[in-house]
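The values are calculated or read from the model by the stated rules, or taken from the named source; none is laboratory data. This one's a predicted model, so the numbers in the text were calculated from it and none came from an experiment. As a convention, Cβ positions derive from the backbone with ideal geometry for all residues, glycine included, and neighbour counts pool all protein chains shown. Ligands, DNA and RNA are stripped out before the accessible areas are found, and what is left, the full protein with its side chains, is counted by its heavy atoms. Shrake-Rupley method; radii C 1.70, N 1.55, O 1.52, S 1.80 Å.
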Amino acid sequence: MIRSTVARVDLAALQANFRAIRDFVASEPRTIAPSQGGTVAPPPPEIIAVVKANAYGHGAGRVALALEQAGATMLACADIEEGIVLRRAGVRLPILVFGALSVSDLDGLFEYVLTPTISTPSAARAVQAAAARRKTTCPYHLKIDTGMNRLGFRFDNLGRTLPGVLSGAHLRLEAVYTHFATADDPDQPLFEQQRLRFEEALRHVGATVRRHAANSAALLRDSRVWYDIVRPGLLLYGIVPPPLSATIPLVPVMSLTSRVVAVKGLRPGEAVGYGSRFSSAAPATVAVVPAGYADGLDLRLEGRGHVLVRGRRVPVVGAVSMDMMTIDVTGLDEVQPGDEVVIIGRQGAESWQQIDVREMAAAIGTIPYEIVCRIGARIERQYA
Ligand SMILES: *Cc1c(COP(=O)(O)O)cnc(C)c1O
């Protein structure tokens, strides 16, 4: 049984985006950072494909397996629970857990072979103790805080904090990383400061360890922060983080469609929906679409968002309610129950016959990340 509102996830587009990103980071000439020494050009960066938050709403298991097949080096998720979901879906690649571990149950790390990020001294002690109990060694990635001021060892205190971590007999440092706070804002000097602080931090950890820093925005901006591995999330899904633009040929991976379930004529002055906020002095026609805020469609779409029906762009009018919303189809007399409604995606070949996630996000004053992550659990993902 399938509801009318469906998210289609194009795994071939996802894999094409992966390859396009891989080609992009392989083709740019790279500045060889001082810490790398030598004059030999480094090999092209590998890719940690970020699939946290149910693969940005696209469905973690299927997306992860498609990225594994496409050649990702590693996958990354937010916490141990997400890592377990990936393993249960059959993922065999190494999986990096980004999040903090201090209050987590660490058994999953070992049972499901997940690679933790160690970002605090207490996490280092906890993982070290858990690995010792199991008489094993735990590979980990070390996170340096270069200015985000969230997780990670402070860049300016490493001489004091790192020796205890690096000497852990049951810990094996596999890579060191940082995360940029303002990679999507070219006017912010912090990006460059973070880059330099990371360079400095690398001197504390030894020459052989692998390094990574670049999320989607940083990857687009500056090849100096590609290091050995890049960590794109949003770009994989075919979305460029605003306000940046990209020359990489990316294809949107998700579309969201529904069907008209009812068409209603409004007499002059009659209003539609909670709060009776939409009415018209002239006769109007609204169509009811069975998708609402329980499906992740934001309340702020009212009066701001558009959908496509019969190849036309029409506005969302009246309150978005829990399970449905209404669109103004006045003048499109032929609209009838069963007609396809495109909420995200394309309906025709013209440029205006596409509603992309960036447009929707801009219309309601949020970021594309939030739109895709919030596509509701009730909506079936169909994979092609
Ligand atoms: C989410 C995340 C990424 C990917 O970010 P995008 O902007 O989606 O490319 C990379 N690194 C870390 C640590 C993250 O949390």
Would you confirm whether or not the range 301-310 contains a residue that is in the same structural domain as I375 (by TED's automatic domain parsing), in contact with a Ser or Thr (Cβ under 7 Å, 6 or more places away or on another chain) and open to solvent by 10 Å² or more (accessible area, probe 1.4 Å)? no
So which pairs qualify, if the first residue must be in the range 127-138 and farther than 14 Å from V103 by Cα, the second must be hydroxyl-bearing (S, T, Y) and outside any loop (DSSP other than H, G, I, E, B), the Cβ gap must be under 9 Å, and the two must be at least 6 apart or on different chains? C138/T115
What's the total number of residues in the range 329-344 that are closer than 21 Å to D298 by Cα and buried (at least 20 other Cβ atoms within 10 Å of the Cβ)? 5
Suppose the filter is free of Cβ contacts under 8 Å to residues at least 60 places away in the same chain, within 16 Å of the ligand (Cβ to nearest atom) and in the same structural domain as V113 (by TED's automatic domain parsing); does A175 pass it? yes
Restricting the range 178-203 to residues that are in contact (Cβ under 8 Å) with a residue 60 or more places away in the chain and away from the ligand (no atom under 12 Å from the Cβ), which is surrounded by the most Cβ atoms within 10 Å (Cβ to Cβ)? L202
Do the conditions hold for R125, that is, is it assigned to a helix (DSSP H, G or I), open to solvent by 60 Å² or more (accessible area, probe 1.4 Å) and of a type in the set (D, E, K, R)? yes
Could you tell me which residue of the range 318-328 is nearest to A281 (Cα to Cα), considering only residues that are open to solvent by 10 Å² or more (accessible area, probe 1.4 Å) and not small (G, A, S)? D328
Answer yes or no as to whether G338 is at positive phi and not in a strand (DSSP E or B). yes
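Condition check ((1) in the same structural domain as E199 (by TED's automatic domain parsing); (2) assigned to a loop (DSSP other than H, G, I, E, B); (3) farther than 26 Å from N17 by Cα) across all residues:
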{"residue": "R62", "(1), (2), (3)": "yes, no, no"}
{"residue": "E68", "(1), (2), (3)": "yes, no, no"}
{"residue": "V113", "(1), (2), (3)": "yes, yes, yes"}
{"residue": "Y140", "(1), (2), (3)": "yes, no, yes"}
{"residue": "G159", "(1), (2), (3)": "yes, no, yes"}
L219 is checked against (1) more than 18 Å from the chain's Cα centre (by Cα); (2) within 12 Å of the ligand (Cβ to nearest atom) and fails just one. What number does that condition carry? (1)
With respect to A123, determine if the residue is farther than 17 Å from G99 by Cα and either at pLDDT 95 or above or not charged (D, E, K, R) (or both). no
Of the residues that sit in the range 133-172 and are farther than 18 Å from P116 by Cα and within 16 Å of the ligand (Cβ to nearest atom), which one is surrounded by the fewest Cβ atoms within 10 Å (Cβ to Cβ)? N149
Selection count where residues are within 17 Å of the chain's Cα centre (by Cα) and more than 18 Å from V6 (Cβ to Cβ), scope the range 363-372: 5
Screening V261, V286, V357 for residues that are open to solvent by less than 10 Å² (accessible area, probe 1.4 Å) and not basic (K, R) leaves only V286
